[in-house]
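Comments concern the structure below.
The values are calculated or read from the model by the stated rules, or taken from the named source; none is laboratory data. Everything quoted here is computed from the prediction, not taken from an experiment. Every residue, glycine among them, receives a Cβ derived from its backbone with ideal geometry; neighbour counts consider all protein chains shown.
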Amino acid sequence: MAIFGISKYKIFNPNIKLILFPTLLLGILVVLFIVLVQNGYRSIATELDELEASQKTESLLLQKLSSLREIDPSILDKADVTLIALPEGNPTNFFLTHTKRVGKDKDLKFLKMKTISMATSEEDISASEIRLEAEVGDIQSFVDFLQELRKVLPIASIDKVEISGGGGAANMDATFIVYWSDLPTQLPPITEPIRFLEDSEQIILSEIVAYTKPKFVILDPAAPTDRENPFN
Amino acid sequence: MAVNLLPKELRPKRYIVKISKVLTNVALIALLVFVISAAVITGVFLVVSDRLSSSQEKHEELTIQIKALQETEQKIVLIKDRLEKVNKMKSKASASEKVDILGDVIKISEGSAIVNSATLSDKKADVLVIVDGSLNLTKFLSDIIISGGFKKIEMLSFGFEKDGGYKIEFGFTR
């Protein structure tokens, strides 16, 4: 009788029987070892990658946390000033209030005020043009007026000025540009480090804090009063 | 004395017995190596997993702490956003700084000339002055140059009228 073409005698040959078991065991162990090393290495490598990424994130978060704790609270208090400097909506009215106030101080007589919305080269900044025509006794008053308007909030820039008639009554035709911009809508990713203010921004911040802000009138809620009977 | 009753043809050969012993020893050593490797791999895996889970726990803890400071972050993002944009606007050329040029020219002209008109743009300040005589004209010009406050002075026009005096238009750049 033959099994797979090999005679029974050969399979059950004592020589073969003697080396069959250790050879089979060795073979099985080699296969198992390869499987173990492959899977083990893959799993450990994956875990190590995850650990590295997690530790990196952890250090970024730690850095961010310490940066957030180190921020000078006095800078945070200036958030309102920066928002007044560049508001969310069109600040033409605030700027006109300043022009009227400063103009009154300098004895200016406004002849014409005109606002025109305009396109800006910056995508995220909107702008509006304000054209003013005024007259006053001397040119120096216009200079003082313009110099003072450079130090008001919301920030405006002087686009063009034409002054005429020195010596007697002087006339001015000035164009100002006021700006506004939408507020940031989302916070940066949690792992992104805090971007502190650059030197130029620190200088601007300290400058604009000293600028004249528009006066806001806050109406306190009044207590309800008794209604009088109008027929008495 | 033990007697081997197996027929001679069923008895394994001597070298086969030796190979079998060697193979058995190698298999045992391989088994040992396998067990030790399995233990080491499992141990390393458990240690790394433990470190990973503790890192992730810390990660979550830090995220909670950062979220508690969200208001601070919001304010700093707002300040940064506004200041970046204000900086952009301020760095654009405008007539704002030319106002000071006109102010300086008015101061310098006191006593020698009268500033008659001015046009301020983002590039320069054009100022028309009236001077009643050549002596004052010389004084005005020397005062302007001595002041040293201008990078470039261009004479754009020069005129004379018997009744009005000299009418000179300058273009000042700083």
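What to note about this one:
- Pairing each residue of the stretch A:15-37 that is more than 7 Å from chain B (Cβ to nearest Cβ) with any residue that is loosely packed, with under 13 Cβ neighbours inside 10 Å and assigned to a helix (DSSP H, G or I), provided the two are 6+ apart or on different chains, yields C-beta distances under 9 Å for A:Ile16/A:Lys10.
- Residue list for the stretch A:45-84, restricted to those being of a type in the set (A, V, I, L, M) and under 30 Å from A:Pro154 (Cα atoms): A:Leu68, A:Ile71, A:Ile75, A:Leu76, A:Ala79, A:Val81, A:Leu83, A:Ile84
- Under the condition of being in contact with a Phe, Trp or Tyr (Cβ under 6 Å, 6 or more places away or on another chain), aliphatic (A, V, I, L, M) and more than 7 Å from chain A (Cβ to nearest Cβ), the residues counted in the stretch B:76-115 number 2.
- Selection status of A:Ser59, over 22 Å from B:Leu31 (Cα atoms) and in contact with a Leu (Cβ under 7 Å, 6 or more places away or on another chain): no
- Matching residues, the stretch A:17-54, being charged (D, E, K, R) and over 28 Å from B:Ser49 (Cβ atoms): A:Lys17
- Test: residue in the stretch A:75-86 that is touching a strand residue (DSSP E or B) at 6+ places or on another chain (Cβ under 8 Å) and either of a type in the set (A, V, I, L, M, F, W, C) or surrounded by 12 or more Cβ atoms within 10 Å (Cβ to Cβ) (or both): yes
- Filter result (within 21 Å of B:Glu169 (Cβ to Cβ) and buried (at least 21 other Cβ atoms within 10 Å of the Cβ)) within the stretch A:160-179: A:Val161, A:Ile163, A:Gly166, A:Ala170, A:Met172, A:Ala174
- Residue within the stretch A:89-105 that is of a type in the set (A, V, I, L, M), surrounded by 17 or more Cβ atoms within 10 Å (Cβ to Cβ), touching a residue at least 40 places away in the same chain (Cβ under 8 Å) and farther than 19 Å from A:Glu129 by Cβ present: no
- Helices (runs of 4 or more DSSP H) wholly inside the stretch A:49-135 containing at least 2 residues that are under 30 Å from B:Lys58 (Cβ atoms) and either at the interface with chain B (Cβ under 9 Å from one of its Cβ atoms) or modelled with pLDDT under 90 (or both): A:73-76
- Looking only at the stretch A:202-232, and only at residues there that are β-branched (Val, Ile, Thr), over 28 Å from A:Met113 (Cβ atoms) and away from chain B (no Cβ under 11 Å), the one that is surrounded by the fewest Cβ atoms within 10 Å (Cβ to Cβ): A:Thr225
- Residue within the stretch A:180-201 that is assigned to a strand (DSSP E or B), touching a strand residue (DSSP E or B) at 6+ places or on another chain (Cβ under 7 Å) and surrounded by 16 or more Cβ atoms within 10 Å (Cβ to Cβ) present: yes
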